[in-house]
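First up is the structure itself, then whatever we jot down about it.
The values are calculated or read from the model by the stated rules, or taken from the named source; none is laboratory data. Keep in mind it's a predicted model, so treat the numbers as computed, not measured. Here Cβ is always computed from backbone atoms with ideal geometry, including for glycine, and neighbour counts include all displayed protein chains.
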Amino acid sequence: MHHMKEIVTYFLLFLLQTSSSTDTIGPNQYLKDGDILVSSGKAFALGFFSPGKSSNRYVGIWYNKVAEQTVVWVANRDNPINGTSGVLAIDPAGNLVLSDGNHNLSVWSTNLTSMILKKSSSAQLMDSGNFVLFQDQSKSVITWQSFDYPTNTILPNMKAGWQKRTGLNIFTSWKSHDDPGTGEYMFKLELIGTPQFFLFKGTKKIWRTGPWNGPGWSGVPEMVSNFIFKISYVENDDEVTITHTIKDPSIFSRVVVNESGTLDTWQESKRGWARFWSAPTDQCDSYAHCGASGNCNLYNLSEFECSCLQGFEPKIERQWYLRDASRGCKRKQGENICGNGDGFNKVTNVKVPDTSTARVNKSLQLRECHDLCLKNCSCTAFASANISGGENGCLTWHGDLVDIRQFSNKGQDLYLRVPAELKRLSWEEIGDNCDSVNSSNASHNLLIMLVVEEEEKRGEERDGSGTSAEVSIFDLSTIVSATEDFSLANKLGEGGFGAVYKGRLPNGQEIAVKRLSKISGQGNEEFKNEIMSIARLQHRNLVRLLGCCIQQDEKMLVYEYLPNKGLDNFIFDKERRSHMDWSKRFEIILGISRGMIYLHEDSRLRIIHRDLKASNILLDTSMNPKISDFGLARIFGVDQTEANTNRVVGT
C-alpha cells in the first residue's frame, strides 16, 4: 500500500510538466487523458480512448492515418478507468504504469521484477505499431514490448507463436464492439506433436491451421508469400514463430481475432477496411466436422459434405443420414491393415489430419517414411513434413485421423493405410518423385484426346458454316481461376450429376463449367459418352461444347455460356412467363424440334437424348433454344430403329 502511494505521488509531480517528444515517454514525462503519442512515420497513435458506445477509458494503440479509429492493442483491457483521470508514465523502478488519479490506484503495469530496470527507462511508439520499453535512454536494451503481449490483433512484423524468452503470445477477441475485455475466442500455437495454430472458443477447438509444410500451413494453402505478403516461419530451440510483412509499406494490413469467432485478415482501402481472408468460413473449416477418419469435401455437390476415408464406414449410420458426422467413422469389419500385401493409397489435395499426436522425423525422405509406417501396425497414415521443392521429412499418425478436409487443387498428399484388397498401387508404381498425379492427369487428358480422335475417324460432322468441331483440353488451374475457385456467386445451378458454374477465361470469353460430382451416378462412361455425343455435333439448336478437363479427381465439361439459362426459369416462373408471348414460345418449340430432327435424322450419329426436359433447354441472348446435357444419350447405328437398354435413365 505504501509503495502504491509512492507511485501515485510520483505521477502527481508530473502534472506540471510536459512531454518533450511526440513518440516517446521519458523518465520525467507522462501521458494524461487527452494527450497522444504519434509514431515517427505517423502510422500509429497511442492514447486514451472509449470504444463504441462505452464511456470507459482505456489506453490503446490505433492507426493514425485511418479515418475509422481502429484499435490494435489495449493496455488495461480488463480494468477500465471510469473518467478522464488516467495517467500513463514510467515509475521510479522503470516500469510503465497506468494510474487512475481519482482512486489513487494502479490499473495496469508492465510489472517487470526479474530484470534490472533503471530510472532512465523510456517508452517509444514505433512505426510498426509496437510500443517498446527501453532500459535506458540510449535505447540499447529492450525490457518490454507490446508485440509480446498482444490483445486481438496480429500486425505485420509481429512474431506470432512461442519464444523462449517470453513464452506464448496468445491473441484473444474483444468481448464486444463496446468492450475490449478478454473475450471467449482465442488464437494460439499448440506445440504438442508438431506446431499448429488453433482457434478456440473457450477450451473448444473450432478451427486449425494444420502444420507448417514449407510453403505455408497445410490447412491454409492460399496464405503463402505472394506479391503482397512475405511470410517467414522459424522453428528452433529458441522460438516457433510466424511473421508476415507487407512489401508495400503504404498498405495497412492486420489479422484480427473477431468477437464473432473468426480470424480475419483486413486491408485498408479508400472505402475503409476490406476483408482479405477469413476462417472458419464453411462447414469443412469447423474442427473435426466429419469426426475421426472422415473427410470433409464441399465438392460432394449433391450429397453430404462428409464421407468416410477408404476402408472406413460410419460409426452410427443413422446419424450420417441426418447429416451429423460428429461420431466419425470406423474401420470396416473384417478388414486387416496389418497383413500381407497391405499398403497405402494416396489422398490428394487435403489438409492433413490433426498433428497433435503425430510423430515427425525431418531427416527422412518420403520413401523412408513409407517404409517406417509400413513396419508399424499402429501407423494409420503418413505424409511429407515439407512439400517445398519436392517432398521431405516424415509425418506419421498412429491413431484416429481427425479434421481432414478436401481442397479442389491445393493442400498436400496424405498416404492412407489400407488392406491389400483396397491397395491401388505399390510404392514403386507410385514413384519416389511423387509425379503420379501429374502422370495420371496427362493420361486422362490423352484419353480424352483419343476419344475425340476416334470420333473424327468415324467421319467429319459439319455445322451450318462448314467448320469442323474441335474440343480443347483445359487445365484444372485455368478452370479454378475462371470460376474463382467455384465460388457460390458463380454457381448457376445444380443437378443430379453435379453443379454448373459460370466462368471467364483469360481472353474474356464467358463459359459454363459442368462439374461432375465425385459421388454422383455419372461416372467415366457417361462422361465419355457426353464428349463423344456432342463433340462432333454442331447445330444452332445444340449447346456448343468447348472442351473438357480430367485432372486429379475432377471431371468437367466446358460449354458456351448462355445468359438466359434454362427454359424452366421462364415457364415455371409466373412473372417471367408473362413476358414470353405465344410467338416466342412457338419459335422455341420449332428450335427444339429442329435440334431433335438433327439428332435423330440428319446427324451421322443418330442420338436419342433420353433426358429431354425444360431445364436441359438453354436460351441464348436472343432466346433461341439450345439442347444440352447429353450424358444419358444413346448412340444408334445409321440403320438401327430399336434397341434395348440395361439401365434406368432419364427424368
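Annotations for the structure displayed:
- Of all residues in region 141-167 being among the β-branched types (Val, Ile, Thr) and crowded, with 16+ Cβ neighbours inside 10 Å, the one that is farthest from Met186 (Cα to Cα): Thr143
- Checking Thr241, Thr194, Thr209 one by one, the residue that is closer than 21 Å to Gln163 by Cβ and within 16 Å of the chain's Cα centre (by Cα) is Thr209 and no other.
- Some residue of region 265-272 being in contact with a Leu (Cβ under 9 Å, 6 or more places away or on another chain) and not assigned by TED's automatic domain parsing to the domain that holds Val402: no
- Within region 618-631, restricting attention to residues that are over 13 Å from Met580 (Cβ atoms) and surrounded by 20 or more Cβ atoms within 10 Å (Cβ to Cβ), the residue that is modelled with the lowest pLDDT is Gly631.
- Only one of the listed residues (Ser109, Ser121, Ser138) is of a type in the set (Gly, Ala, Ser), surrounded by 21 or more Cβ atoms within 10 Å (Cβ to Cβ) and either closer than 30 Å to Asp35 by Cα or touching a residue at least 24 places away in the same chain (Cβ under 8 Å) (or both). That residue is Ser121.
Matching residues to (1) outside any strand (DSSP E or B); (2) more than 34 Å from the chain's Cα centre (by Cα):
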site: Leu37; (1), (2): no, yes
site: Gly47; (1), (2): no, yes
site: Ser55; (1), (2): yes, yes
site: Gln69; (1), (2): yes, no
site: Val72; (1), (2): no, no
site: Val87; (1), (2): no, yes
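- Some residue of region 113-124 being in a loop (DSSP other than H, G, I, E, B), of a type in the set (A, V, I, L, M, F, W, C) and closer than 19 Å to Arg254 by Cα: no
- Scanning region 29-51 for residues that are basic (Lys, Arg) and surrounded by 17 or more Cβ atoms within 10 Å (Cβ to Cβ) turns up just one, Lys32.
- Test: Thr281 is in a strand (DSSP E or B) and either of a type outside the set (A, V, I, L, M) or more than 21 Å from Phe187 (Cα to Cα) (or both): no
- Test: residue in region 291-300 that is surrounded by 15 or more Cβ atoms within 10 Å (Cβ to Cβ), out of contact with any helix residue (DSSP H, G or I) (no Cβ under 7 Å at 6 or more places or on another chain), among the aliphatic types (A, V, I, L, M) and assigned to a loop (DSSP other than H, G, I, E, B): yes
- In region 337-374, residue nearest to Ala292 (Cα to Cα) [restricted to those that are of a type in the set (Val, Ile, Thr) and more than 23 Å from the chain's Cα centre (by Cα)]: Thr357
- Each residue in region 311-330 was checked for being touching a residue at least 24 places away in the same chain (Cβ under 8 Å) and touching an Asp or Glu at 6+ places or on another chain (Cβ under 9 Å), and 5 pass.
- If you go through region 460-493 and keep only what is at pLDDT below 75, surrounded by 13 or more Cβ atoms within 10 Å (Cβ to Cβ) and either more than 30 Å from Arg594 (Cβ to Cβ) or out of contact with any strand residue (DSSP E or B) (no Cβ under 7 Å at 6 or more places or on another chain) (or both), you end up with Glu461, Asp463, Ala469.
- Asn111 passes every criterion in (1) at pLDDT below 90; (2) among the polar types (S, T, N, Q); (3) over 42 Å from the mean Cα position of the chain (by Cα) apart from (3).
- Any hit, region 339-346, residues being surrounded by 20 or more Cβ atoms within 10 Å (Cβ to Cβ) and closer than 30 Å to Gly390 by Cα: yes
- Inside region 556-585, residues that are touching a helix residue (DSSP H, G or I) at 6+ places or on another chain (Cβ under 8 Å) and closer than 15 Å to Thr483 by Cα make up a count of 3.
- Counting the residues of region 177-203 that are in contact (Cβ under 8 Å) with a residue 40 or more places away in the chain and either out of contact with any strand residue (DSSP E or B) (no Cβ under 8 Å at 6 or more places or on another chain) or aliphatic (A, V, I, L, M) (or both) gives 8.
- Filter result for Ser388 (surrounded by fewer than 19 Cβ atoms within 10 Å (Cβ to Cβ), outside any strand (DSSP E or B) and among the polar types (S, T, N, Q)): yes
- Region 141-167 - residue that is free of Cβ contacts under 8 Å to residues at least 12 places away in the same chain and part of a strand (DSSP E or B) and, of those, nearest to the chain's Cα centre (by Cα): Gly167
- Criterion (within 20 Å of Leu155 (Cα to Cα), of a type in the set (A, V, I, L, M, F, W, C) and buried (at least 19 other Cβ atoms within 10 Å of the Cβ)) met by exactly one of Val97, Val72, Val66: Val72
- Flag for Asn386 being within 30 Å of Pro215 (Cβ to Cβ) and either at pLDDT 90 or above or in the same structural domain as Thr483 (by TED's automatic domain parsing) (or both): yes
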